[in-house]
Amino acid sequence: MLRADELGLDLVEISPNADPPVCKIVDFQKFLYQLRKKEKEIKANAVKVVVKEIRFGPQTDEHDYNFKLKHARNFLTEGNKVKASVFFRGRSIMFKEQGEDLLKKFIDDLEDIAKADNTPKLEGKRMIVNLSPKPKK
């Protein structure tokens, strides 16, 4: 503490649980600034997961399907996750099999660049499946 006072700086305890405790003579404000800067840098480098949703109807036409498939392929190559859902309106809930077949076909078509996180499941009036991009080698 005397050396820190002589230099006009602060004595900062770096690791209090170590034996003996580790201390450093630094300018405390500069020390705090550098800590915040490191935390900000770590936060900026963190991977941000974005989920894009693609919606189908149970009787989606082939052209519309291919159009949405192309968009899903773009999303996955960018590194985003894709949430594909078939939305049933009114009495179309009777065609659950068509929706499930459509999502299974969707999963099979994207098998080269994505893996399904789960199997298609019905939640209310929607049948949903999540796809994640495969890790690049």
ask   = Looking at the stretch 113-137, which of its residues are free of Cβ contacts under 8 Å to residues at least 12 places away in the same chain and closer than 19 Å to Lys70 by Cβ?
value = none
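Tell me which residues, restricted to the stretch 95-114, are basic (Lys, Arg) and surrounded by 13 or more Cβ atoms within 10 Å (Cβ to Cβ).
Looking only at the stretch 95-114, we keep the residues that are basic (Lys, Arg), and these are 96, 104-105.
Correct list: Lys96, Lys104.
Can you find, within the stretch 49-103, the residue that is nearest to Ala116 (Cα to Cα) among those that are β-branched (Val, Ile, Thr) and in a strand (DSSP E or B)?
Within the stretch 49-103, the first condition is being β-branched (Val, Ile, Thr), and the residues that meet it are 49-51, 54, 60, 77, 82, 86, 93.
This time we only want the ones that are in a strand (DSSP E or B), so: 51, 54, 82, 86.
Numbers: Val51: 14, Ile54: 14, Val82: 9, Val86: 15 Å.
That would be Val82.
Only residues that are part of a loop (DSSP other than H, G, I, E, B) and of a type in the set (A, V, I, L, M): list them for the stretch 5-48, please.
Kept after step one, since they are part of a loop (DSSP other than H, G, I, E, B), are these residues of the stretch 5-48: 8-9, 16-21, 27, 46-48.
Across the stretch 5-48, the qualifying residues are Leu9, Ala18, Ala46, Val47.
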task = Residues being surrounded by fewer than 17 Cβ atoms within 10 Å (Cβ to Cβ), out of contact with any Pro (no Cβ under 9 Å at 6 or more places or on another chain) and among the small types (Gly, Ala, Ser): count how many of those fall in the stretch 58-90.
result = 1
request  = Pick out the one residue from Ile14, Ile25, Ile54 that is farther than 30 Å from Glu123 by Cβ, at pLDDT 85 or above and β-branched (Val, Ile, Thr).
outcome  = Ile25
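The values are calculated or read from the model by the stated rules, or taken from the named source; none is laboratory data. None of the values given here were measured: they were computed from a predicted structure. Neighbour counts are summed over all protein chains in view; Cβ atoms, including those assigned to glycine, are modelled from backbone coordinates with ideal geometry.
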